[in-house]
Amino acid sequence: MSDGSVGTLLDGVLAVAAVALAASSLLARGRFPAVGLFIGFGVVVGLIYARLAAPDLAMAEVAIGAAATGALLLRTVSAAAGEAAARTSPRSRVRSGPPRVAAVVAGAVTSAAVLGVALAAVLSVPPRTRLSALVTERVPDSGVEHPVTAVLLAFRGFDTLLEVVVVLVAAVACLALAPTPQAGLAPVPPAAAAPLSFLVRAAVPAGIVVAGWVLYIGTYAPGGAFHGGAVLGGLLLLLVLTGRQPPVLGPRVLPSGLALGATVFLAVGIVGLLTGGALLDYGNHATVAIVTIESSIAVSVGVTLAAFYLALAPGPHGALR
C-alpha cells in the first residue's frame, strides 16, 4: 500500500472511531463507562487534529478534552456515587422527587434559541469578506508572524482580555463554591509509588519544555498561550493525582497564579496608554509585549485547570485554603 492509501485508511479509522466513541459515551448505561469512553473520544480527536497538521490543537485536546476534563468528570462521578450511597443507606434514606420535566424543557428551549441566534449571526455574514486579506496585509505590523496570534493579541486584544477575565471569574467562583477541604494530600499506595514517581520525574520536566515550545512557536506557527497552558495544566494534575503538592497550587501562591494572566495583560495595555498611544497599543515593543502576555496567560490557564479539579476535591486533594 502507498503512503496515501495508508493515510486515507488511518483517517477513515479515526473518523469511525470518533463517531463510535461519541455515540457510545452518550448511550452508556453507567457513569464510569461513559466517562472512560469520553476520555477515549478526546484522545481520538487529538489524533485527528494531528492528522490535520495542527499539533498545538492536538496537544490541547488531549490535555484538556481527555486529561483535565476526564479527571474532573471522574471526580464528579465519584462524589455523586458517594452521595447516592449515603442517600440510599438505611439511616439516611430520603425519597427522591419526580424529575423536573419543566427544567429540562426550559433548558432545551434555551439551548435551541441560543443555537438559532448563533446560526443567524453566522448566516448574516456576507459571503465575500476582505477580513482574511486585511489580516494578511497587517500581520507584519502586529509584532508576530502568525495571523492567529496577531488577531488574538493585536487586532482584537480587547476580546482576548475579556476572555482571560472570564476564565479568572470562573475559577474564583468555582473555588468560592467549593466545600472546605481537609489539609494534606492522599499518600500514593506503596505498590504504585515507584513507577508513578519515575513517570512524574520523566514527564514533568519534558512537559515543561513542550509547554514552553508550544508557547513560543505561537509567534510564527500554530501554538500559543492557551495550548501551552493546557499542557501545564495536565502536568499539574499529574502531580496532584500522584500525591504531590505543587507550590503554585499552595494557598498563598494560587490566587497570584490565577490572576497573573489578566493582571499582566491589563498592565501591558495601560503602559501603552500612558506612553502616548492607546489602551493595548504595544508600540515599537509589540513582540516583547505579546510574548510577555502569552507567557502570563499560559501560567494562569494551567493553574486554572488544576484549580477546577482541586475545587471538586473536598477530601485529601483539596488543599486550597
Stokes-Einstein diffusion coefficient for the range 104-175 at 10 °C in a medium of 1.306 mPa s, Rh from the Kirkwood formula over Cα pairs: what value in µm²/s? 103 µm²/s
Tabulate in residue order the Karplus-calculated ³J(HN,Hα) for the range 227-242, using 6.51 cos²θ - 1.76 cosθ + 1.60 with θ = phi - 60°, rounded to whole Hz; enter x for Gly and Pro. 6, x, x, 5, 5, 4, x, x, 5, 5, 5, 4, 5, 5, 5, 9
Take the alpha carbon gyration tensor of the range 193-299, find the square roots of its eigenvalues, order them as a ≥ b ≥ c, and report rounded if a/c is under 1.5; if not, report prolate when a/b exceeds b/c, else oblate. oblate
Charge context of TYR220, other residues only, Cβ under 14 angstrom, K/R +1, D/E -1: -3
Can you list which of the chymotrypsin sites (Phe, Trp or Tyr not before Pro) found in the range 206-246 are DSSP loop residues with at most 16 other C-beta atoms within 10 Å? TYR220
Loop-resident sites, the range 1-70, for trypsin sites (Lys or Arg not before Pro), counting at most 11 other Cβ within 10 Å (DSSP): ARG29
Contour minus end-to-end for LEU9 and ARG156, with contour as 0.36 nm per residue of separation and end-to-end as the Cα-Cα distance? 48.9 nm
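Every number in this text was worked out from the coordinates using simple rules, so none of it is lab data. Everything numeric here is computed off the predicted structure, so don't read it as measured data. Here the Cβ is made from the backbone with ideal geometry for all residues, glycine too, and neighbour counts use every protein chain on show.
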